[in-house]
Structure formats: C-alpha cells, structure tokens
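Throughout, read-outs are computed from the coordinates displayed, never taken from laboratory work. Just so it is clear, the structure is predicted and the values come from calculations on it, not from any experiment. All Cβ positions, even for glycine, are placed from backbone atoms using ideal geometry, and neighbour counts span all protein chains on display.
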Amino acid sequence: MAKKEFPVLTTESLILRQLVKSDAPALVDILNDEEVSRWLLGNLERVTLKDEQNYIRSMRKQFEKGQLVNWLICDKTTGTPMGAIGLQPIDRTHNRAVAGFWLGRAYWGRGYMTEAFSAVLDYAFGMLNLNRVSAGHFAGNLASGRVQQKCGLQYEGTHRQAFLKNGAYIDEVMYAITKEDWENGAK
C-alpha cells in the first residue's frame, strides 16, 4: 500500500506541514509554557521529549488511516515551529470534523492562527469535501473564540462543565461552520 501524501498548506506568512520527530524539542518548549498549556485539553504537567515523539508518531499513524490531519504551523521565512492545528476526528459518515489549535505565546495576537485556520478550512471544504467543521474552546479563552469568529464560525452553545482540568470543571464554548456558509463568504 502506497504511503498517503501529507497535504502541505502555504499562506502569506505560514507553512503548515506534517510534524516530524525533529520538531519534538521545539514543541516541548512551547507546550511546557503554562500560559499555553492552561488552554489545552488534558492535564499537562510537564511534556517530555519522549511524550512529544510518541504523540508525533501517533499523529502520523492516524493520518495514514484517514482519521485526522494535524499540521505543524511554521514561520514561512524561518521555518520556526509556532504551534499546531488539526482536524480530528474526521467523520466520513457525516462529512464533518472537529478543529483544534494552539500557538506558542510568542506568536499570540499577530493574526497567525486566523491565517492558519482559514487555510485549514479551505482544505476541509475543498480537498476533503467536508460539510461541517466545529471547534470549541475553554470558556476563559476569549482569543480562541475570536479566531473562530473571524474565520466565520457561528456560536452554537456552551457545554457546561464539559472538561475536568487540574481538578476543576470547565465550560466549553462551541462554534461551527458549514461548507455552504464558507462558500457564501462567511470567511
């Protein structure tokens, strides 16, 4: 069986590419920033190099099975890893996916995630021919909500006490966009 080719996306200032083992040290540095990890699902105490290498290996296997696409976000000029964005899981029965993303603190507030998410939505509705993409964020993460709104996602509701993180229940704010909305200029 031939290996599935990973989709590389290019924007004005970013390259979104597959994560590789050599990316692990940079990602560990970003993920061990408490201001970044506080907004991520899971109780990330301290991410190790081995943890991240295992994660990258797992992402590759799941991509090969068509279950997800998870991109590393890199500066187009320098190639510096900045964060990650993905569609997971991809549900082919209903032609939908859930988007998730995170960015290193040094890159916050510069429009990079909006740029990356727009490219991912183009790919989702174009190449993958999905009908719907949803995304959520922890209730206090207003910047993530603004990214979703700028990309045309509509507020759908709040899942009360949806996640347990560090001993406290956190609400999840949900957004979504359909292919029709995207094609009609919601972006």
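Values for this structure:
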quantity: Global geometry of segment 60-187, whether rounded, prolate or oblate, following the gyration tensor of its Cα atoms and the 1.5 cut on a/c; calculated: rounded
quantity: Estimated FRET transfer efficiency (Thr48, Leu164; beta-carbon r; R0 22 Å; 0.05); calculated: 0.45
quantity: Neighbour-count order for Lys21, Lys65, fewest beta carbons within 10 angstrom listed first; calculated: Lys65, Lys21
quantity: Mean shadow area of segment 51-107, taken as a quarter of the surface of its Cα convex hull (nm²); calculated: 4.8 nm²
quantity: Nonlocal Lys pairs with alpha-carbon distance under 21 Å, the chain (8 or more apart, or different chains); calculated: 14
quantity: The chain - mean residue ellipticity at 222 nm from DSSP helices (-39,500 (n - 2.57) per run, n ≥ 4, rounded to 500); calculated: -8000 deg cm²/dmol
quantity: In order through segment 69-77: 3J(HN,Hα) via Karplus (6.51 cos²θ - 1.76 cosθ + 1.60), integer Hz, x for Gly, Pro; calculated: 9, 10, 9, 8, 8, 10, 5, 5, 7
quantity: Mean Cβ count within 10 Å, highest first, over the residues of peptides 29-41, 161-173, 145-157; calculated: 145-157, 29-41, 161-173
